[in-house]
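*Asks:* This is the structure, below, for whatever I ask next.
The values are calculated or read from the model by the stated rules, or taken from the named source; none is laboratory data. Owing to the predicted nature of the structure, the values given are computational and were not obtained by experimental measurement. Methodologically, a virtual Cβ is constructed for each residue, glycine included, from the backbone with ideal geometry; neighbour enumeration extends over all protein chains shown. Note: accessible area is taken over every heavy atom of the protein model, side chains too, but ligands, DNA and RNA are not part of it. Shrake-Rupley method; radii C 1.70, N 1.55, O 1.52, S 1.80 Å.
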Amino acid sequence: MRYPRACLSFFAVLTAALPAFAPAAPPDRDTRNAQCLKPAAANPFYWEYKGAPVVLLGGSVEDNLFQIPDLEAHLDLLKASGGNYIRNTLSSRDEGNVWMFHQNADGKYDLEHLNEEYYARLRHLLDFCLARDIVIQYELWDRFDYAMQYWEKNPFRPVNNINYTEETSGLLNDYPDHPGANKNRFFRTEPAEENNMLLLKYQQKHIDKVLEISLPYPNVLYCMDNETGANPEWGAYWSGYVKAKAAEMGVVAQTTEMWDDWNLQAEQHRSTLDHPEIYSFVDMSQNNHNNGEKHWGNLLWVRDYLKDAPRPINHVKCYGADGGRFGSSRDGEARFWRSLLGGAASIRFHRPDSGLGLSERAQANLKSARMFAEAFDLVGAEPKPFGYNLVGTDATPVYLTLNRAEQQAYYFPEGGEATSMLANCAGGTVLRWLDIEKSRWLDPIPAGGLSQALKAPDTRPWIVIKEPEGLHKAVKSD
C-alpha cells in the first residue's frame with residue numbers, strides 16, 4: 001500500500017530538528033554474537049538485545065519499509081516516539097518498488113541474475129535501523145505477492161520471465177482466488193512436498209542474497225510468511241534453511257512462522273507452538289483481530305501453553321483504525337495495551353488502512369508505552385486472569401499484571417473504576433496514573449487500605465501502577 005507524498009513531507013518536517021544518524025556497518029562476528037537478539041536470560045518470554053532485556057514497540061506507515069522514500073525520516077520519527085521495532089516484508093508490488101531479479105530491456109525478468117538495487121535498499125534499511133537500535137522482523141514470503149492482481153507483476157509468474165513456462169514450472173499465469181485458498185504451487189516446492197528443483201533454486205537464489213546481507217546484523221528476526229495457509233512443511237523447510245545458512249556464518253538466526261487462523265488454539269498454530277526445535281519464537285498477530293476478555297484470555301492461554309519451554313511471543317501486527325476493516329482506533333489501542341500487559345515481547349501498530357501505523361495517535365501510545373515500560377518491570381511480570389482479585393470489572397473492564405518488584409499495573413481501556421483486593425506494600429504504597437493519550441504521569445498519591453478503590457480520572461484510557469513508596473520518582477512529561 002502506498003502512502004501519499006504529503007505524508008512523506010510531513011514526516012520530513014517533523015523530524016528535521018532531530019539528530020542525524022550515520023549509517024552503521026554490521027559489527028564483526030564476535031561482537032554481533034554478543035549483541036544479537038536472543039530470548040532473554042531473565043525471562044525467555046522476552047527478547048534480550050546487546051546483553052539486556054528489551055521490550056519491542058513499533059508502528060510504521062508501510063510493510064515493505066526498505067522500498068519507501070524518506071526512509072530515514074520515518075525511522076527517526078519512530079525512534080523519537082519511543083519505538084524500536086518494525087516489520088519488513090520483502091514485497092515489491094507498489095508503485096516505485098523494484099523486484100529482486102534483473103529485468104531485460106523487453107520487460108522480461110531473468111531469474112539467473114539478481115537486481116542489485118533491490119538488495120541495496122535492503123542493506124540501507126539494515127544500516128539505518130542498526131544505527132538507531134531498531135529491530136527488524138523480516139517476512140521472507142508474502143502470500144499476497146503470489147495471487148490475484150499482484151501475481152501479474154511478479155517475476156516468478158511464468159509469462160514474466162525467460163527461464164520457464166507454465167508447463168516446465170508447474171505454475172499458472174493466473175491465480176485469481178484470494179491467496180488464502182493456497183492454490184499457487186509456489187508454496188509447495190520444497191523436497192517434502194513437490195520437490196520442484198527448478199523453482200526452488202530461484203527461490204534459494206533470492207533468499208541466499210537476503211541472508212548474505214542480513215545475517216551479519218544483530219537486530220534481525222526472521223518470519224517465514226505472512227498469514228500463511230501453506231502446509232507446515234513449507235515453513236519448516238525455510239526455517240531450517242535460514243538456520244543452516246546462519247550456522248555456516250557462525251551465527252544464530254531467530255525464526256518463526258505467522259499463520260492465518262485467528263483462533264490461537266487452532267491446529268495451524270500448533271506447528272509453531274509445539275516445535276521449538278524449528279521455531280525459536282512465536283508470532284501471535286492474528287489474536288489482534290479479537291477484543292476484550294477473549295483477546296486477553298488468548299494471550300494468557302499462549303503463555304500457559306509455553307510455560308514449560310518459554311519463547312518470545314511477538315505481535316508484529318496490531319489491527320484497528322477508524323474507517324478500516326478491523327475495528328476502530330480505540331479497538332487498536334486496546335489491543336496494543338492488552339498485548340503489552342499480557343506478556344507480548346513485541347507489539348507494533350499495523351500500517352494505515354488496517355491499523356494506526358505511525359500516526360499522531362500511534363506516536364502518543366508508543367511514547368506512553370515506553371514511559372510505562374521504563375517505570376514498570378514488564379520482563380519480571382506475570383499477567384493475571386480477567387477479574388483477578390478485583391471487584392467491579394463487570395461494569396469496568398480492567399486488566400492486571402504483577403511483577404517481582406511488588407508492582408501492580410492496571411489497564412483501564414475506557415476509564416471507570418474497580419476495587420483491588422491485593423494487599424499494600426510494607427512501608428507505604430502509592431498510586432501513579434499514566435495518561436496514555438497525553439503521555440504524562442500524574443503526581444503520585446498514597447494508596448488506601450486493603451480494599452483499594454481505583455478510579456480513573458475520566459473515561460479515556462489509563463494505566464495505574466500500585467507500588468512501594470519511593471520505588472520510582474514520578475516525572476511528569478509536561
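*Asks:* Taking a threshold of 24 Å on the Cα-Cα distance, which of the pairs LYS38/LYS294; LYS50/LYS245; LYS201/LYS317; LYS209/LYS367 fall above it?
*Replies:* LYS38/LYS294; LYS201/LYS317; LYS209/LYS367
*Asks:* Given points 7 Å out from each Cα along the Cα-Cβ axis, report the ASN33 to GLN204 separation in nanometres with one decimal.
*Replies:* Result: 2.6 nm between the two label points.
*Asks:* Then there is this: How much of the DSSP beta bridge set in the chain is antiparallel, as a percent to the nearest 5?
*Replies:* So the antiparallel bridges amount to about 60 percent of the total.
*Asks:* Another question about this same structure. What is the spin-label model distance, in nm, from ASP174 to ASN231 if the labels are put 7 Å beyond Cα along the C-beta direction?
*Replies:* 2.7
*Asks:* Dividing the convex hull volume of the alpha carbon atoms of the chain by its residue count, what do you get in Å³ per residue?
*Replies:* Normalising the Cα hull of the chain by residue number yields 147 Å³.
*Asks:* Still on this structure: Taking the Cα centre of the range 123-182 as origin, sum charge times position over the Cβ atoms of Lys and Arg (+1) and Asp and Glu (-1), and report the length of that vector in debye to the nearest 20.
*Replies:* Computed charge dipole of the range 123-182: roughly 200 debye.
*Asks:* On to the next question. Tell me which residues come under 5 Å, amide H to amide H, from ARG440 once H is placed; ignore anything under 5 positions away on its chain.
*Replies:* ASP435
*Asks:* Now for a separate question. Just grab the label-to-label distance for LYS438 and ALA41, each label 7 Å out from Cα along the Cβ direction, in nm (one decimal).
*Replies:* Each label point lies 7 Å from its Cα, and together they span 4.3 nm.
*Asks:* Could I ask something else about it? Short version: ³J(HN,Hα) in whole Hz for each residue of the range 266-282, in order, from phi by Karplus 6.51 cos²θ - 1.76 cosθ + 1.60 (θ = phi - 60°), x for Gly and Pro, what are they?
*Replies:* Here the 3J(HN,Hα) series is 6, 4, 3, 5, 5, 5, 9, 4, 8, 9, x, 6, 9, 10, 8, 8, 10 Hz.
*Asks:* Follow-up question, since we're still on this one. Using each residue's phi in the range 330-342, evaluate 6.51 cos²θ - 1.76 cosθ + 1.60 at θ = phi - 60° and report the 3J(HN,Hα) Karplus result to the nearest Hz, with x for Gly and Pro.
*Replies:* 5, 4, x, 4, 5, 5, 4, 6, 4, 4, 4, 6, x
*Asks:* How charged is the neighbourhood of ALA344? Take every other residue with its Cβ under 11 Å from the Cβ of ALA344, and add Lys/Arg as +1 and Asp/Glu as -1.
*Replies:* Surrounding charge for ALA344 is +3.
*Asks:* For the full complex of protein chains and a 1.4 angstrom probe, list GLU267, GLU152, GLU62 by accessible area with the highest value first.
*Replies:* Working: GLU267 145, GLU152 95, GLU62 10 Å².
Descending accessible area places them as GLU267, GLU152, GLU62.
*Asks:* Based solely on its DSSP helices, what 222 nm [θ] is calculated for the chain when runs of n ≥ 4 H residues each add -39,500 (n - 2.57) and the sum is averaged over all residues, nearest 500 deg cm²/dmol?
*Replies:* Helix-only estimate at 222 nm: -9000 deg cm²/dmol.
*Asks:* I need the phi-derived Karplus couplings for the range 307-317: 6.51 cos²θ - 1.76 cosθ + 1.60, θ = phi - 60°, integer Hz, Gly and Pro marked x.
*Replies:* Listing the rounded values in order: 4, 7, 8, x, 9, x, 10, 8, 9, 7, 9 Hz.
*Asks:* Please state, rounded to one decimal and in Å, the Kirkwood hydrodynamic radius that the range 24-93 gives when every pair of distinct Cα atoms enters the mean of 1/r. If you can, show how the numbers build up before the last one.
*Replies:* Values: mean 1/r = 0.0718 Å⁻¹.
Value: 13.9 Å, from the Cα pair sum.
*Asks:* To continue, here is another question. Report relative contact order for the chain in percent, whole number only (criteria: Cα-Cα under 8 Å, sequence separation at least 6).
*Replies:* Result for the chain is 13 percent.
*Asks:* While we're looking at this one, here's another question. Would you mind checking which residues have amide H under 5 Å from THR256's amide H? H placed 1.01 Å from N; only 5 or more apart, or other chain.
*Replies:* For THR256, the qualifying residues are TYR222, CYS223, MET224.
*Asks:* Collect residues whose amide H, placed 1.01 Å from N in the peptide plane, falls under 5 Å from the amide H of TRP47; neighbours closer than 5 in sequence don't count.
*Replies:* It is ALA40, VAL54, by chain and number.
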